[in-house]
Structures are given as structure tokens and as C-alpha cells.
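Some notes on the structure that comes next.
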Amino acid sequence: MSNTELLVKELVKQHGKTRNSLMAVLQGVVQEERFLSEDAMIAVARELDLAAADVYGTASFYTFLDTVPRGKNIIRVCKTITCHMKGKDEVLLALENMLKIKVGETTHDKRFTLLTANCLGWCHKGPVMLVNDEIYPELTPQKAIEIIEEYAKHH
Amino acid sequence: MDKPIKKVDIIFEIGDDYNALDVLDKALARPADDIVLDLIDSGLKGRGGAGFLTGLKWKFTKNEDSDIKYVICNADEGEPGTFKDREILDRVPEKVFVGMAICGYVIGAREGYIYLRGEYNFLVKNLLNKLETFNKQLKERNLDFVIGIRSGSGAYVCGEESALFESMEGHRGEPRNKPPYPTVAGYNKKPTVINNVETLVYVAMITRLGVNRFKELGTKDSRGSKVFSVSGDTPIPGIYELELGMPLSQFVDEFADGDAKAVQVGGASGSCVPRKKFGDTIIGFEGIPTGGSMMIFNSSRSMYNVLHDYLEFFTEESCGQCTPCRVGCQQLLKGIEAVKRGEKPPAYLDELKKLTATMRIAAKCGLGQSVGNPFNSIIDNFREEIIY
Ligand code: SF4
Ligand code: FES
């Protein structure tokens, strides 16, 4: 059995074998593997007795349930109004230059994916970014780069 | 009419003698019916924006005949400009739990869930820790009620209550037809009370302080205080608890930078009020009701960009289930871009306003229905900025 299948089995054991646990199981896979591979979705479908298309249909609805490969660390910069007003464009540009990728892309070494997000709920401290589950408010381009440099060293 | 702005500190106040569990015990010592009557009497309306009387919602659910019922705390705030619930869950989570437990006791539910937006996952660890203790304390009190957490996965529409249930049930978060309402068929098609985070805290606070203390605040139509999240062009962005019923002009005096030309009241789906109307706009159900988001724009801002950002947001977050919203949002966005580029005449904006009227009637949920609020208010008040 592949690691993915084992992971899915474990998650299903933890959350229960009903449709109600689908989200939690998918979130668990993403937590571990950063995205939902075809194999993972098929395994989930088998374990929960659903059609694979149904699992894909559900997953694809949610921004955080990625169905394409992502880097080890996912950076999401808020692009909505107040962060926009406070300079998210400069932050994005700085990160793009540093990582040498465009928004939506993953670095060659698969360490970082750069994405934008719709309002992260820190509008009074924009611009902000979420790195995996960690929030970084009141960014400047310089600050954003330093934070990602730390990740490059340690994660 | 000119009530001075009044800052209150009910939600975040933590007195020396404060103990969340005392509040719970106070509630548990009373008959459930009395609590419902008190809540109705207090005039507390849902703090998520829609403003339904909380006590009535509880009463309806209580009266449903079902052995399984649920209490859901809606912590899926995702409206640009809104961040109050995060602050509440971070600083006073026990008050939210107590509100949920009181609800469970009143309606006879055995399970409660906090549906937390995925963007707030960093809160989960702390919440789970606190819940472990709290659930134990409920058990000690022989209250057959347990609170759990469910995480969202980055979909704004899941803040709509029926979409939230769909998501909890493992489906795409697409809003359902109404009726039936959640009080009859909510999570797992069982009677469910779903309340905003802030609403549940106010239930706890009304229990603690008494109905009268709450009724002293606000106006006849808008009782009490509420938490506002202030952002944009302000020297003091942040979270403030204010009495309802203030004129917008006083809000602006207090929070803006002296150069405010517009305030977006009620988040991206709310209305944009221009400077000349600050004086006669009341913040509350008699004027502009709001979930609490206030975004301030000064004269350096282009209102075209503001509207463009909002429309992009809605276009991306529309669940796509119904055509008026899915296609409507896209057309509104393309429409203002076309007018800006001069490809369409200014009069085209009026066609687009008609489209929002259709969306208001034909869209299935609040998302599509309310896009006309920012659209029309910005087009009407800042037409030149959209055209040139
Ligand atoms: S109005 Fe928009 S968000 Fe609501 S159900 Fe229709 S398509 Fe989905
Ligand atoms: S607009 Fe960026 S966090 Fe809300």
C-alpha cells in the first residue's frame, strides 16, 4: 500500500467513515502532502464509498484544497481592497523577484508556491500574507523577503 | 438624532470577578423558556449582518420536535474589511463557548460546532485546548453538550448558512433553496441554530449583565452595541465596540484621517456612503445595517479601483450555481472595464444597474443579491470616477 493510501486510511479512521468527514479527510491529506493527487482522491473515494468524480467535484470547489502540485511552503498574499491600498503589489513583486516565479507558480526546487488570496481577515494590518497556516501582518517588501528567507533556511 | 458616539467595552472587558462559567451556571439555573423570553426582550439581533431576532431563532428551533438538534457558531467571516470574529475568538473564546452552551441547553441540542474559516487555522490549536477544558466542565455540570471545531477551506460563500451546512456535510459549499430554514432543517437536515460569533458572545453578556444593561444601549430598532472593524484610510485601524445608532459623520470624525471621501459600510457587500451623506446616515437597522465592517477611503483613492476590487472578489467567490450571479458578476466587472476604456458609452452604466436589479431578484443567495449594493452606491455617487 502506498503512503498516500495509508494516510487516507488513517484519516478516515480518525474522522469517521461518513460523508460528513470528507472535508476533514481532504484537509488532512493537503496538510501532509500539500495537494490532492489523483491517487489521493481515488483512495478517499474508495474509503468513503463515493465516486472519485464526486470527491474531485467537492475538492475543486475550495481554494485551499489544491488539486495541482504545490510547493512545500505555500505563500498566500492577500490581494483584496485594503491590502491593495496598503501596498500588496509591491510585496508581491518583491516575492516574485526573490523566488523567481510569478503568482500561481512553484519554485523549481518545489519549496515555495506563491499565490494570492481573497481577504485574510487582517485588513487593519495590511498588507498581509499567510505562509502555510502562519499569518504575517503589516508587511513591507523588505519584511516579506526576510520572512521567506527564514523559511528557506528552516523549512 | 445626534447621539454622540459611545465606546463601550462589554465583549472584551474582563473584570477581576469575571468567570465565564459563572455566566453559564447563571443560565443553567433558569428555565429555558425564561432565557428565550429575555433574549427576545433584549432585542438582540444577529450580528452577522442579516439582523434576525436571536431570541426568535432560538424559540423556533426549541419548538421543533426532533431528538437531534445542533448549535453552529458561524466563524467563517470572509468579507473584505471584516475581522472582528477572529479577534473575539482569539481574545475571549470562552464567552463564545458559553453562548453556544446556553443555546444547547435552551434548544435541547447535544452537539455544537464552530465552523472556522480555513484562513484562521492558526487559531485551532488554542481553541481546541480551551475546548477540552470547557467540554469537561460541561460534563461536570451534567449538561449533555459537546463543542467541536470544523475547518473551512477558503470559500467565502460558506459563510452563507446553508452553504456552510453543505460544506460540513462534505459537499461543495453551494447555498440551498430556502425554505426550509435552518431552524427546521439545517446541519444534517436537523433543526439547527446557527449564530455569528459575536451574537453568541452577546448572549453570554446579556446573561451576565441583564437585559436592561443591553437595552440601555442603542436605539429602538438597533439595540445594544456591536463590534466594528475599521480599516482603510484611518490613523487608528482596528476593532472597536460601539453603541449602535450613531450617525456616520461622528464615526468619521472619530476614525477617519480628516480627508474621508467615502465610507464603505458593511463590507464589500454593503453600501458606499459619500461625504455629503455622512451627516444623515445612521449606522443601525434604521439606517445602514452592518455586520460591522467599515472601510474608509480618502481623496487619494480611485473609487473605480475600489469597485473593481470588489467586483473581482465577487466574481471569484460566486459559487457559480445560479446564472444571474455567476454571469452577472462577470458582466459587471467587464462592463465597468469597457466603460473605462471608452468601448462603451457612460450610459452603459445604467444598463449594468438594471442587471444588478435582476440579480437582486433572481440570485439564489445573499452573495449575488447584494452585489448591487456596492455597485449602485459607487456608480451613483462617483460616476465620473468610473467613466474617466
Ligand atoms: S447567488 Fe451566487 S453565490 Fe449565491 S447561490 Fe447563486 S451563484 Fe452561488
Ligand atoms: S483585505 Fe487583506 S486581509 Fe482583508
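The values are calculated or read from the model by the stated rules, or taken from the named source; none is laboratory data. Predicted model only: the values in this text are computed from it and were never measured. With ideal geometry, Cβ positions are generated from the backbone for all residues, glycine too; neighbour counts draw on all protein chains shown. Surface areas here come from the heavy atoms of the whole protein model, side chains and all, with no ligands, DNA or RNA. Shrake-Rupley method; radii C 1.70, N 1.55, O 1.52, S 1.80 Å.
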Would you work out which of A:PRO141, B:GLY292, A:MET129 lies farthest towards the positive end of the dipole of the protein assembly as shown, given +1 charges on the beta-carbon of Lys and Arg and -1 on that of Asp and Glu, about the Cα centre? B:GLY292
Would you mind giving the mean number of other chain beta-carbons within 10 Å of the Cβ of each residue in B:304-310, as a whole number? 3
Determine which residues of segment A:55-99 fall in the zone a paramagnetic label at A:GLN142 would reach in this model, i.e. backbone nitrogen under 16 Å from the point 7 Å along Cα→Cβ. A:90-91, A:94-95
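Find the relative contact order for chain A and round it to a whole percent, using C-alpha pairs within less than 8 Å whose residues are 6+ positions apart.
This gives 19 percent for chain A.
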Using the charge dipole of segment A:1-117 (Lys, Arg: +1 at Cβ; Asp, Glu: -1 at Cβ; taken about the Cα centre), state which of A:ALA40, A:HIS84, A:TYR56 has its Cα farthest towards the positive end. A:HIS84
Helix-derived mean residue ellipticity, 222 nm - over the protein assembly as shown, DSSP H n ≥ 4, -39500 (n - 2.57), to 500: -13500 deg cm²/dmol
Given backbone amide H placed at 1.01 Å from N, residues whose amide H is under 5 Å from that of B:VAL146, ignoring those fewer than 5 places away on the same chain, are B:GLU111, B:GLY112
How many angstrom lie between the C-alpha centres of segment B:36-98 and segment A:109-142? 30 Å
When segment B:1-142 is reduced to its Cα atoms, the Kirkwood hydrodynamic radius in Å: 16.7 Å
Cα principal axis extents for the protein assembly as shown, largest first, Å: 71, 66, 45
Exceeding 25 Å between C-alpha atoms, which entries from my cross-link table qualify? They are A:LYS86/B:LYS45; A:LYS13/B:LYS125; B:LYS84/B:LYS139; A:LYS100/B:LYS340. A:LYS86/B:LYS45; B:LYS84/B:LYS139; A:LYS100/B:LYS340
Under a Cβ-Cβ cut-off of 10 Å, what is the net charge of the residues other than A:LEU7 that fall near it, where Lys and Arg count +1 and Asp and Glu count -1? -3
Can you give the FRET efficiency for B:GLU64 and B:GLU140, using 1/(1 + (r/R0)^6), R0 = 30 Å, r = Cβ-Cβ distance, to the nearest 0.05? 0.60
Quick one: buried accessible area between B and A, total over both chains, 1.4 angstrom probe, nearest 100 Å²? 3100 Å²
For chain B, give the magnitude of the charge dipole about the Cα centre (Cβ charges: +1 Lys/Arg, -1 Asp/Glu; no others), in debye to the nearest 20. 720 debye
Compare each residue of segment B:126-154 in its chain alone against the assembly with all protein chains, and report those whose accessible area goes down by 50 Å² or more; 1.4 Å probe, heavy atoms. B:SER153
Find, to one decimal place in angstroms, the Kirkwood hydrodynamic radius of segment B:230-388, where the mean of 1/r is taken over every pair of different Cα atoms and then inverted. 16.0 Å
Evaluate peptide B:115-124: per residue, the Cβ atoms of other protein chains within 10 Å of its Cβ; return the mean as an integer. 5
Counting Lys and Arg as +1 and Asp and Glu as -1, what is the net charge of the other residues whose Cβ lies under 12 Å from the Cβ of B:LYS57? +1
Report the label-to-label distance for B:ARG30 and B:LYS340 in nanometres (one decimal), using points 7 Å from each Cα along the Cα→Cβ vector. 5.3 nm
Which value, in debye to the nearest 20, describes the size of the charge dipole of the protein assembly as shown about its Cα centre when Lys and Arg Cβ atoms bear +1, Asp and Glu Cβ atoms bear -1, and nothing else is charged? 700 debye
Taking Cα atoms only, Rg over Rh for segment A:28-133 with Rh from the Kirkwood formula is 1.05
Compute the angle between helix B:32-42 and the longest alpha-carbon principal axis of chain B, please, reported from 0 to 90 degrees and rounded to the nearest 10. 30 degrees
Could you work out the pair-distance distribution P(r) of chain B from its alpha-carbon pairs, with 20 angstrom bin width and percents rounded to whole numbers? 28, 57, 15, 0
Sort B:97-105, A:3-11 for me by packing, meaning the mean count of neighbouring Cβ atoms within 10 Å per residue, highest on top. B:97-105, A:3-11
Averaged over the residues of A:125-135, the number of partner chain Cβ atoms within 10 Å of each residue's own Cβ comes to 3
Under 18 Å from a point 7 Å along the Cα-to-Cβ line of B:GLN330: which residues of segment B:336-369 have their amide N that close? B:336-339, B:352, B:355-356, B:359, B:363-364, B:368-369
Spit out the partnerless Cys residues in chain A, using Cβ distances under 4.7 Å as the pairing rule. A:CYS119, A:CYS123
